[in-house]
Amino acid sequence: GTWVNSIGLQAAHAVEQILTNFAADKNLLDPAATAKLNENVCGIVLKSGTVLRFGSEPDVECRSSDDNLMCVIEIKGSADKAGAQTRLGETKKSFTKAKLENPRCHTIFLPSVLTAAVRAQLRTEREIDQVFNLLEILNDEQKREEFLKKLFKYRLREDI
């Protein structure tokens, strides 16, 4: 329902904030280009020309300066265990679309709940390249740093 969706939105918003703050802290942000981008869509532009767009599907889309889809992130903030497999299904649909556009696109799944069934399913998923625990990223500074470094340094090839 709506309540579950608002948790999802809050989680997505929290991750957007973390990404934006990290980019700003590391002096990667292009403020002028970001302001221009935000006239039409929500997101940030890095000095390298890489664009991180914040939306609903996927939650975060990272494109290179030449508009190549580099990385997509799906954030699933709901703690409802019963719906965990449904959310995995939605994530896979979004990731399949990304891989169709660019087979080398890196996909990152950020669930707040990983049931045993979902864990087992993840081992066989080819669309999902990386999984991070959303709650750890939101609540544990070390895990957050680890996630951000992996994303910015290895996926977006930023010099941090």
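Based solely on its DSSP helices, what 222 nm [θ] is calculated for the chain when runs of n ≥ 4 H residues each add -39,500 (n - 2.57) and the sum is averaged over all residues, nearest 500 deg cm²/dmol?
Calculated at 222 nm, the ellipticity per residue is -13500 deg cm²/dmol.
Check the straight Cα-Cα distances from Lys153 and name the lysines below 18 Å, setting aside those fewer than 8 residues away within the same chain.
Hits, sequence-local ones excluded: Lys26, Lys47, Lys143.
Restricting the count to DSSP beta bridges whose residues both fall in the chain, what percent are antiparallel, rounded to a multiple of 5?
Roughly 60 percent of the DSSP beta bridges within the chain come out antiparallel.
For region 71-133, what ratio Rg/Rh do Cα atoms give with a Kirkwood hydrodynamic radius?
A ratio of 0.95.
What is the distance in Å between the Cα centroid of region 39-54 and that of region 86-160?
The distance from the Cα centre of region 39-54 to that of region 86-160 comes to 20 Å.
Using the heavy atoms of the protein chains alone and a 1.4 angstrom probe, what is the accessible area of the chain per residue in square angstrom? Please list the in-between numbers first.
Working: 8800 Å² over 160 residues.
Each residue of the chain exposes 55 Å² on average to a 1.4 Å probe.
Just to confirm my understanding: which cysteines in the chain have no other cysteine beta carbon less than 4.7 Å from their beta carbon?
Cys42, Cys105
If I histogram all Cα-Cα distances within region 120-160 using bins 5 Å wide from 0, what percent of pairs lands in each bin?
6, 21, 22, 19, 22, 9, 2, 0
Counting alpha carbon pairs within less than 8 Å and at least 6 residues apart, what relative contact order, in whole percent, applies to the chain? All intermediate terms of the calculation are to be shown ahead of the outcome.
Working: 230 pairs, mean separation 29.3, N = 160.
Here the relative contact order equals 18 percent.
Of the options Thr124, Cys42, Leu9, report the single residue whose Cα projects farthest towards the positive end of the charge dipole of the chain (beta-carbon charges: Lys, Arg +1; Asp, Glu -1).
Of the options given, the answer is Thr124.
Rounded to the nearest 20 Debye, what is the dipole magnitude of the chain about its Cα centre when Lys and Arg each give +1 and Asp and Glu each give -1 at the C-beta? Please report the intermediate quantities before stating the final value.
Numbers: 23 positive and 23 negative charges, 94 e Å.
Magnitude of the dipole: close to 460 debye.
The values are calculated or read from the model by the stated rules, or taken from the named source; none is laboratory data. Everything quoted here is computed from the prediction, not taken from an experiment. Methodologically, a virtual Cβ is constructed for each residue, glycine included, from the backbone with ideal geometry; neighbour enumeration extends over all protein chains shown. These accessible areas exclude ligands, DNA and RNA; they are computed on the full protein's heavy atoms, side chains included. Shrake-Rupley method; radii C 1.70, N 1.55, O 1.52, S 1.80 Å.
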